[in-house]
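Step one of this worksheet: look at the structure below.
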Amino acid sequence: MLSINNITKAYPSRTGNNPTIALDDVSFTIKGKEFVSIVGKSGAGKTTLLKLILAEEKPNNGQILFDDLDIHKIKSSQLPKLRQRIGTVFQDYKLFPSKTTYENVAYVMEAMGASKDEIERDVSQILGIVGLADRVDNFPNELSGGEKQRVAIARALIHRPDIILADEPTGNLDPYHTFDIIRLLVKIYELGTTVILATHDKEVINSLGKRVITLDQGRVVRDEEKGRFIL
Amino acid sequence: MLILLKRVIKTGWKGFKRNIGLSLATILIMVIVISLATLLFLLSPVSKILIADIEKKVDISVYFKEDVSSEYILEVESEISKIPEVKDVQYISKDQALEKFIEKHKDDPVLMESLTELGSNPFLASLNVRAWDPSQYEQVANLLETSSFRNLIDKVDYHERKPVIEKVFSVVSGLNKIGIFFSILFAAIAVLIAFNTIRIAIYNSGEEISIMRLIGASNWFVRGPFLIQGLIIGFIAVLITLLITFGLCYGFDARIKTIAPDISIYSIFVSNFFLLFLIQLATGIGLGIISSYIAVRKYLKI
């Protein structure tokens with residue numbers, strides 16, 4: 001379903017010398033219906049990898065195939081169709097500050113042209129699942145860090161994407177809520193969605209017992225079926 | 001498709017309401033810009049009237065010798081009016097010339113006394129000749145001085161008036177050039193101000209626009225609400241400007257008439273209402289939509 005082939009990504013430094021290599025010849029394949037954790041220290045390249053999968057940035061080398069579609073060769077006007085198949089939980093949430101919780105979550109469905117009834121039904125359902133039923137009319141600046149994170153997750157799930165990209169979705173949560181969120185992601189995976197989880201939370205990884213890809217300085221150093229958190 | 005369009009309009013309206021402070025500020029700027037366009041539009045007929053007024057005051061007079069009969073002068077008049085450069089010819093008899101003089105100088109006792117002392121009418125019968133264009137007077141004067149009836153003419157006062165006529169000519173063409181220059185300058189400034197205001201307003205939403213793209217909204221779904229906001233802002237600004245224009249034209253009409261009796265800005269406003277409304281709409285809504293489109297484009301490149 002998703003195939004990462006020899007991806008290299010370098011960010012030029014401002015002086016023009018010594019570009020920062022974020023990803024160095026990274027390759028792996030996700031066959032479909034997998035729960036994959038990507039671990040590594042800060043700066044190992046986790047976020048860059050997710051940005052490339054979302055076609056937010058272009059690689060210097062290599063290609064990413066999504067169902068045999070080279071996502072960096074897609075025309076800009078076709079990108080929305082691809083992105084509607086992906087649900088993303090951003091590290092910094094990226095909620096719409098001028099929209100309420102309800103509107104934030106409903107936005108993708110509105111953009112896809114879903115009917116009003118469908119949207120109402122699905123949004124209240126998902127907000128119930130993430131425990132924000134009483135926060136529908138609040139704006140992001142009226143929510144706590146954990147609540148924002150749960151809005152971000154609800155927004156990523158609402159349109160039933162084929163893949164969920166979750167970048168540190170538990171970064172700002174206490175252990176109790178962390179496992180709530182992880183249980184939610186596992187459930188989504190069990191219902192048939194591929195989940196790519198980038199994290200540096202050791203306990204989360206060790207309790208999952210699922211595939212773990214370890215990145216270090218932009219390289220894949222380990223790729224294990226029932227992996228543990230080893231750095 | 002229809003549901004998306006409906007959502008775009010609804011979101012645009014919501015955005016307008018939620019950022020009401022910014023929306024009002026943008027409307028204010030747009031009102032200024034549209035007012036400027038309106039001013040340029042209204043000034044052009046006013047300046048045309050003023051220029052025509054000045055041009056009307058320029059003429060040359062052909063004075064006939066004492067013994068030429070009025071029948072003959074009328075014949076010459078019809079002869080002169082056949083010259084293509086001549087706009088009209090007016091016959092002023094000896095008596096009329098005297099009347100005019102008395103009318104003009106009745107408050108000047110010295111002149112009136114000397115006129116009574118003279119005992120007879122010292123004025124000559126004349127034809128006032130006006131050309132279509134100030135630059136044509138030289139030609140007309142030359143024609144008269146070489147014509148078949150030149151023996152009957154006492155003098156053509158073109159050469160005395162030449163400096164004045166030429167001055168008027170250069171002022172008029174100068175005014176036209178300055179008018180065009182300032183119109184273009186003001187229009188350019190107005191467009192830039194409006195564009196920049198909207199750009200800054202949308203700058204606030206820059207990150208939001210990028211997020212919309214990243215979670216899979218199409219360009220038109222992202223752009224649409226901003227265009228709708230631009231449209232609403234432009235339309236409200238047009239209505240406000242139209243009201244202000246109406247108020248000013250109505251209120252100042254009488255006062256301007258006392259200075260320049262030929263000019264009625266109220267009737268200019270009324271007779272050009274639809275054209276004016278169209279120009280204001282084009283300026284307001286056009287600027288609103290185009291500026292929004294360009295400003296949003298930058299953030300859609302993700």
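Every listed requirement among (1) outside the structural domain of B:Ile20 (by TED's automatic domain parsing); (2) over 27 Å from B:Leu40 (Cα atoms); (3) not polar (S, T, N, Q) is met by B:Trp132 save one, (2). Against the test of being of a type outside the set (Ser, Thr, Tyr), over 32 Å from the mean Cα position of the chain (by Cα) and away from chain A (no Cβ under 14 Å), the options B:Asp88, B:Asp67 yield a single qualifying residue, B:Asp67. Among the candidates B:Ala97, B:Ala37, B:Ala52, the residue that is at negative phi, part of a helix (DSSP H, G or I) and modelled with pLDDT under 80 is uniquely B:Ala52. In the stretch B:195-212, the residue that is nearest to the other protein chains (Cβ to nearest Cβ) out of those that are within 8 Å of B:Ala295 (Cβ to Cβ) and surrounded by fewer than 17 Cβ atoms within 10 Å (Cβ to Cβ) is B:Tyr203.
Here A:Asp137, A:Asp92 are screened, and the one residue that is out of contact with any Cys (no Cβ under 7 Å at 6 or more places or on another chain) and closer than 26 Å to B:Asn219 by Cβ is A:Asp92. Number of residues in the stretch B:229-238 that are surrounded by fewer than 23 Cβ atoms within 10 Å (Cβ to Cβ) and under 28 Å from A:Met109 (Cα atoms): the value is 2.
Within the stretch B:247-264, the set of residues being loosely packed, with under 15 Cβ neighbours inside 10 Å and among the β-branched types (Val, Ile, Thr) comprises B:Thr258, B:Ile259. Considering only residues that are among the charged types (D, E, K, R), touching a Gly at 6+ places or on another chain (Cβ under 9 Å) and assigned to a loop (DSSP other than H, G, I, E, B), which ones fall in the stretch A:128-162? Of everything in the stretch A:128-162, those that are among the charged types (D, E, K, R), touching a Gly at 6+ places or on another chain (Cβ under 9 Å) and assigned to a loop (DSSP other than H, G, I, E, B) turn out to be A:Arg160, A:Asp162.
Kindly indicate whether any position in the stretch B:10-28 is away from chain A (no Cβ under 14 Å), crowded, with 17+ Cβ neighbours inside 10 Å, modelled with pLDDT of 80 or more and closer than 30 Å to B:Ala187 by Cα. So far as the stretch B:10-28 goes, yes, one or more of its residues are away from chain A (no Cβ under 14 Å), crowded, with 17+ Cβ neighbours inside 10 Å, modelled with pLDDT of 80 or more and closer than 30 Å to B:Ala187 by Cα. Kindly establish whether A:Asp117 is touching a residue at least 60 places away in the same chain (Cβ under 8 Å) and either more than 14 Å from chain B (Cβ to nearest Cβ) or loosely packed, with under 13 Cβ neighbours inside 10 Å (or both). So A:Asp117 fails the test. Hey, does the stretch A:56-66 have a residue that's touching a Leu at 6+ places or on another chain (Cβ under 8 Å), at pLDDT 90 or above, surrounded by fewer than 14 Cβ atoms within 10 Å (Cβ to Cβ) and not hydrophobic (A, V, I, L, M, F, W, C)? Among the residues of the stretch A:56-66, at least one is touching a Leu at 6+ places or on another chain (Cβ under 8 Å), at pLDDT 90 or above, surrounded by fewer than 14 Cβ atoms within 10 Å (Cβ to Cβ) and not hydrophobic (A, V, I, L, M, F, W, C), which makes the answer yes.
If I filter the stretch B:147-166 for residues that are among the β-branched types (Val, Ile, Thr), closer than 29 Å to B:Ile49 by Cα and surrounded by fewer than 17 Cβ atoms within 10 Å (Cβ to Cβ), do I get at least one hit? Yes, some residue in the stretch B:147-166 is among the β-branched types (Val, Ile, Thr), closer than 29 Å to B:Ile49 by Cα and surrounded by fewer than 17 Cβ atoms within 10 Å (Cβ to Cβ). In summary, strands (runs of 3 or more DSSP E) completely within the stretch A:2-92 and bearing 2 or more residues that are away from chain B (no Cβ under 14 Å) and touching a residue at least 24 places away in the same chain (Cβ under 8 Å) occur at A:2-11, A:20-30, A:35-39, A:61-66.
Selection of the stretch B:280-302 for residues being over 30 Å from B:Leu214 (Cα atoms) and either within 14 Å of chain A (Cβ to nearest Cβ) or surrounded by fewer than 18 Cβ atoms within 10 Å (Cβ to Cβ) (or both) yields B:Leu281, B:Ala282. Looking for whichever is more than 13 Å from chain B (Cβ to nearest Cβ), touching a residue at least 12 places away in the same chain (Cβ under 8 Å) and more than 27 Å from A:His200 (Cβ to Cβ) here; the options are A:Asp134, A:Asp122. Which one fits? Criteria check complete, one pass: A:Asp122.
Among the residues of the stretch A:39-95, those that are in contact with a Gly (Cβ under 6 Å, 6 or more places away or on another chain), under 23 Å from A:Val108 (Cα atoms) and not polar (S, T, N, Q) comprise A:Pro80, A:Arg83.
The residues of the stretch B:216-230 that are without any contact (Cβ under 8 Å) to a residue 60 or more places away in the chain and either assigned to a helix (DSSP H, G or I) or aliphatic (A, V, I, L, M) (or both) amount to a single one, B:Ala217. When the residues of the stretch B:213-224 are filtered to those that are closer than 21 Å to B:Ile3 by Cα and of a type outside the set (Gly, Ala, Ser), the one that is farthest from the other protein chains (Cβ to nearest Cβ) is B:Arg223.
Just one of the numbered conditions (1) modelled with pLDDT of 80 or more; (2) outside any loop (DSSP other than H, G, I, E, B) is not true of B:Lys82: (2).
The values are calculated or read from the model by the stated rules, or taken from the named source; none is laboratory data. A quick note: this is a predicted structure, and the numbers were derived from the prediction, not measured. Glycine gets a Cβ as well: all are built from the backbone with ideal geometry, and neighbour counts include every protein chain shown.
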